[in-house]
Structure formats: C-alpha cells, structure tokens
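The values are calculated or read from the model by the stated rules, or taken from the named source; none is laboratory data. Remember, predicted model here, so these are calculated numbers, not experimental data. Cβ sites come from the backbone with ideal geometry, for glycine too, and all protein chains shown count toward neighbours.
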Amino acid sequence: MPVEFIDLLYLLAAVLFIFGLKGLSHPRTAVRGNLMGSTGMLIAIVVTLLDKRIVSFEVIVAGLVVGGLVGAIMAYRASINAMPQVVAVFNGLGGGASALAVGAALEESLRPALVVGGVALEKFAVQFAISVAIAGLIGGLSFLGSAVAFVKLQGLVSERPMLIPGRHVINIGLALTCVGLSIWIVGQAVWMDEGAVVSDVVTSLPFWILVGVASLLGLMLVIPIGGADMPVVIALLNAYAGLAAAGHGWVLNNSVLIIAGSLVGAAGFILTVLMSRAMNRSLLNIMFAGVGAAVSTGADSEDVYEGHVKSASSDEVVMLLDGARRVVIAPGYGMATAQAQYAVQELVSVLDSKGVEVEFAIHPVAGRMPGHMNVLLAEANIPYDRLKDMDEINVTFRQTDVVLVLGANDVVNPKARDADPSIPIAGMPILNVDEARSVVVIKRSLSPGFAGIPNPLFAADNSLMLFGDAKQMVMELVAGVKEG
C-alpha cells in the first residue's frame, strides 16, 4: 500500500477521533461521538494490518480471539454500576500494553540483524530512547495504579485512604530512581559512538527495571487516595494511559497512535483539572492529603445529631410528595450500589402523571467516576434535559418543595461552606439542598461519607431521614404515590 495513501487514511482516522471526542462532550451527541471514534480506530487498525509492518497474522488473530473473548466476558458480566471498575481496568491494561509493546520494540532494536555493516542504525536515536523512557515510566505507573483503583472500587480492599508511614519519602525515592533509569536509557543513545554496534552498547535492563519501579510508584501513589477522590484519580490515570500510548506511537513512528494517545492524554488532564476545581482542591492535595483517613468519632457525631435527627416512614414521605409541585432528586453513590436507578425512573413517571415537576441535581464528583450518575440515569432512560448541573440547579432549590437525597453525603454537606481548614471538604462547592422547603435523605445509616465527617444536613430542621436500602425505599414511595 502506498505510503501517501496510508498517511491519508491515518489523517482521516485522526479527524474522526477529534470529532468523536467533541461528540462525547454532551450526552445528546455521545452515541454519535462514540461511533465516530470507533470508526476511526477501525480504519487505523485495518490500515496498519494492510501496511504489513507487523508480526504474523496468525499471532494477531490469536491475540484478537483471546482478547475479544476476555473483553466480551468482562463486558457481559459487568453491570452498569461497575463502570468505574471497568474504566480503571481499561486504563491499566492500556498503560501496561503500551509499556510491553515498547519493551518489545526495544528488544527488537538490539537484534544483530538490525545492525548494518557494524554501524548503529537510526533505530536507537535519542528520540527513540526518550520515547521508550516515557512510555515505560507512564505505562508502568498507570498499570499498577489502575489496579489499585480497581480493587478499591470493587471493594476488595477498603476504599478509605491507607496512609503508609514514610510514604512521601518512599515516593520521592521511587521517583528519583525512575528519573535515574530514564537518564540511563537516554544516555545510551546520547553517548553511543557513531560506529558502535547497538547490541554491544545498549542494554534493555534499565527499561525493564524502570517499568517495575514505576509500577510500584503507581501503587504507592493510589493507595493513600480514598473513594471520594476516585473520580479525579480515574481521570488522571486515563491521561497517563493516553500519554503512554503517545510514547508508544513515537517509538513505532506511528502518527495515528501519537495523535490518539495525545488526545486521550490531553482530554484526561483537562477533565482532571475540571474535577479538581469542582472539589475546590488542588491536584497535589487530592494525591497526597489522604482525605477521609481520619473518620469522625462517635462524640463528634453526637454533637451534630443527638436530639435533632428526625426519622420518617415512607408513608410520611409520600404525604410530602403528594403536596409537592416541584421535586429535585440528588443522586449519589448509594443509588449506584443499591441499583436504584430503575426504581427512580418509575417514581419520576408516577410524579409526572400527577403534574409534579421533577429534575435531577448532578454534582460533578458524585459517584466514583466523572459522569457516573449521568450514565446510570441514562441507562434508566431518564431524559437528558432533566439532569441539571450543580451551578444550574443550585439557584432553584429555594423554589423546590421536596429534595430526595439518594445515597449522597459529602456533596450535600453544608460543612463545606465553613472556612475551617481542618475540615477536609472546606470550600468545596456542594448541592445547596438544605435551602429547599423539605429534604428527605434516603440512607442506610448516619455513617459519614468518604471525607469522614458528620453531615449537619441530616439534623437540619427541614430534613427527614428515611433509613433503608435506596432501591427498596424508592419502590415503597412509588407504591405510596400510586395509591395517593
């Protein structure tokens, strides 16, 4: 296939990636954007296969069969509620695959067959060495970092921050080791004599050590991060995986891989910044502060709750809903764990039939990944125009009769308005649900959120606590409103 035609098709794939990413910026165009991005990737794969600068087709087919089978099983078994875990796995596998592929390219460059007349080939130029170091460092970091994020999100280990003594010193040591190994890799290209044989001067040992040390650094960086900060961490790991892919593209001199990896990396970093701003915290604070490691004591909770919490029955909440003209639902991670989105959709339909205006208040970091609540509600066919961003919905709470808080905690905690720097969520923008006429919090208990602090909303004069499983409680509300 002519090189010019290959470059033209790669350009077409890149354009589809860009427009696909643009489409993913809004729920209404997300499906179209996903299809455009998928089409671009299909074109890139087919062109690469036809270009024939590849291993044997037998190996590729075997990889497709095994990978496709594993992917299909994972996709079939994973519920929509497990999307954060799936995204974490994809991030990790993407970064790990880039590191391994770059390692294979490095090993290939050391084969004697690639040395012509005993003279070093351009294959191990400085650009090649820098790309190898970047892909190995970021790929290893994202691989094990994403693995830790997965086991935390899956509940295999506690989602609370795990603060290892001396972790900052250990992390600095690991980071300096990665820098030293990267310098070693690049130095081999810089210091190689013009007539040197590549395989005699260059060794792949520092690369594989770098991948291992970077993986350990990824583990150490993510372990201290709690569940409340996971949306930011997932966005950052996604950016890492993209940068690793871009480095992989530089190693292979593949333009479409460079463009795709750069787009993913840039989008991931932009999303990370936006999520950090939504929490009113710096990225350094999120990565190293270990918010939620210290949980409030019983005495702290008693000071806030004792004598003030009002428990309600589903019948009492139904009476509130019967007299409401406007209802806002504020979903949180509790809705996801209870898989209550379909019951919520049924409640919305019943309230609609009675002429009640119903909207959803979506906090940017509600759930365990960016857009988690949007995905769950879209699965239940909740219309997109009902989902209101925090800034849009906050100005309307004073005109709201009833707010139903479903499993949310920190994102509706009025303590965030305090200026006290000792409060982990101080300054974080929240959903101002406490300004509504009545607030009903559906929650299993008064346990704190991931920030580890009590929530004064639960004891507010205009709040009622409906204790129980979110799905079960919503179903009881549906039955009650239907009878009313």
Name the residues in region 335-371 that are under 17 Å from the mean Cα position of the chain (by Cα) and assigned to a strand (DSSP E or B), would you? I362
So if I check each of E392, E476, E435, which one is assigned by TED's automatic domain parsing to the domain that holds M319 and either aliphatic (A, V, I, L, M) or out of contact with any Ser or Thr (no Cβ under 9 Å at 6 or more places or on another chain) (or both)? E392
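Here's the yes/no breakdown for (1) assigned to a loop (DSSP other than H, G, I, E, B); (2) over 20 Å from E476 (Cβ atoms); (3) among the acidic types (D, E):
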{"residue": "M373", "(1), (2), (3)": "no, yes, no"}
{"residue": "A378", "(1), (2), (3)": "no, yes, no"}
{"residue": "D385", "(1), (2), (3)": "no, yes, yes"}
{"residue": "K388", "(1), (2), (3)": "no, yes, no"}
{"residue": "D391", "(1), (2), (3)": "no, yes, yes"}
{"residue": "R398", "(1), (2), (3)": "no, yes, no"}
{"residue": "V403", "(1), (2), (3)": "no, no, no"}
{"residue": "A408", "(1), (2), (3)": "yes, no, no"}
{"residue": "V411", "(1), (2), (3)": "no, yes, no"}
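Sort out which residues of region 39-76 are among the hydroxyl-bearing types (S, T, Y) and either over 27 Å from the mean Cα position of the chain (by Cα) or surrounded by 13 or more Cβ atoms within 10 Å (Cβ to Cβ) (or both), and write them in order of number.
Step one: list which residues in region 39-76 are among the hydroxyl-bearing types (S, T, Y), which gives 39, 48, 56, 76.
Within region 39-76, T39, T48, S56 qualify.
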Before we move on, is L141 buried (at least 23 other Cβ atoms within 10 Å of the Cβ), hydrophobic (A, V, I, L, M, F, W, C) and touching a Lys or Arg at 6+ places or on another chain (Cβ under 6 Å)? no
List the residue pairs whose Cβ atoms are under 6 Å apart, where the first residue sits in region 205-227 and is of a type in the set (S, T, Y), the second is buried (at least 19 other Cβ atoms within 10 Å of the Cβ), and the two are 6 or more positions apart or on different chains. S215/G140; S215/F143; S215/L144
On the given criteria, is M475 out of contact with any Gly (no Cβ under 7 Å at 6 or more places or on another chain) and surrounded by 20 or more Cβ atoms within 10 Å (Cβ to Cβ)? no
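Suppose we filter region 216-226 for residues that are assigned to a helix (DSSP H, G or I) and surrounded by fewer than 24 Cβ atoms within 10 Å (Cβ to Cβ); how many remain? Before you say what the answer is, go through the steps one by one.
Our first condition is that a residue be assigned to a helix (DSSP H, G or I); within region 216-226, this holds for 216-222.
Add one more test, that the residue is surrounded by fewer than 24 Cβ atoms within 10 Å (Cβ to Cβ), and what stays is 216-217, 219-221.
Result for region 216-226: 5.
If you check M287 against the conditions, is it at pLDDT below 80 and under 23 Å from the mean Cα position of the chain (by Cα)? Please lay out each step first, then the result.
Details: at pLDDT below 80: yes; under 23 Å from the mean Cα position of the chain (by Cα): yes.
The answer is yes for M287.
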Within the bounds of region 345-352, is there any residue that is assigned by TED's automatic domain parsing to the domain that holds F450 and under 23 Å from E159 (Cβ atoms)? no
Within region 410-426, of all residues that are in contact with a Lys or Arg (Cβ under 8 Å, 6 or more places away or on another chain) and surrounded by fewer than 24 Cβ atoms within 10 Å (Cβ to Cβ), the one farthest from Y305 (Cα to Cα) is A426
Would region 436-447 turn up any residue that is crowded, with 24+ Cβ neighbours inside 10 Å and under 17 Å from A278 (Cα atoms)? no
Look at region 261-285 and say how many of its residues are in a helix (DSSP H, G or I), crowded, with 23+ Cβ neighbours inside 10 Å and hydrophobic (A, V, I, L, M, F, W, C). 2
Looking only at region 153-171, which residues are closer than 19 Å to N285 by Cβ, surrounded by 14 or more Cβ atoms within 10 Å (Cβ to Cβ) and not hydrophobic (A, V, I, L, M, F, W, C)? E159, R160, P161, R167, N171
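Quick grid of which residues meet (1) in contact (Cβ under 8 Å) with a residue 12 or more places away in the chain; (2) more than 17 Å from G249 (Cα to Cα):
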residue	(1), (2)
F17	yes, no
G23	yes, yes
H26	no, yes
N34	yes, yes
F57	no, yes
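Determine if region 433-447 includes at least one residue that is in contact with a Lys or Arg (Cβ under 7 Å, 6 or more places away or on another chain), over 21 Å from Q345 (Cβ atoms) and among the charged types (D, E, K, R).
So in region 433-447, the residues in contact with a Lys or Arg (Cβ under 7 Å, 6 or more places away or on another chain) come out as 435.
Subsequent filtering for residues that are over 21 Å from Q345 (Cβ atoms) retains 435.
After this cut, where a residue has to be among the charged types (D, E, K, R) as well, the list is 435.
Scanning region 433-447 turns up at least one residue that is in contact with a Lys or Arg (Cβ under 7 Å, 6 or more places away or on another chain), over 21 Å from Q345 (Cβ atoms) and among the charged types (D, E, K, R).
Restricting attention to region 19-67, and to residues there that are part of a loop (DSSP other than H, G, I, E, B) and among the hydroxyl-bearing types (S, T, Y), which single residue is nearest to L377 (Cα to Cα)? Even if it seems obvious, please write down each step before you answer.
Our first condition is that a residue be part of a loop (DSSP other than H, G, I, E, B); within region 19-67, this holds for 24-26, 52-56.
From the residues that got through so far, the ones that are among the hydroxyl-bearing types (S, T, Y) too are 25, 56.
On the way: S25: 17, S56: 45 Å.
Looking at the filtered set, the residue picked out is S25.
Within region 146-166, can you find the residues that are touching a helix residue (DSSP H, G or I) at 6+ places or on another chain (Cβ under 6 Å) and of a type in the set (D, E, K, R)? Full working, then the answer.
Taking region 146-166 as the starting set, the residues that turn out to be touching a helix residue (DSSP H, G or I) at 6+ places or on another chain (Cβ under 6 Å) are 146-150, 153-154, 157, 159.
Passing the criteria: only E159.
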Taking region 336-360 as the search range and keeping residues that are in contact with a Gly (Cβ under 9 Å, 6 or more places away or on another chain) and modelled with pLDDT of 90 or more, which one is surrounded by the most Cβ atoms within 10 Å (Cβ to Cβ)? A340
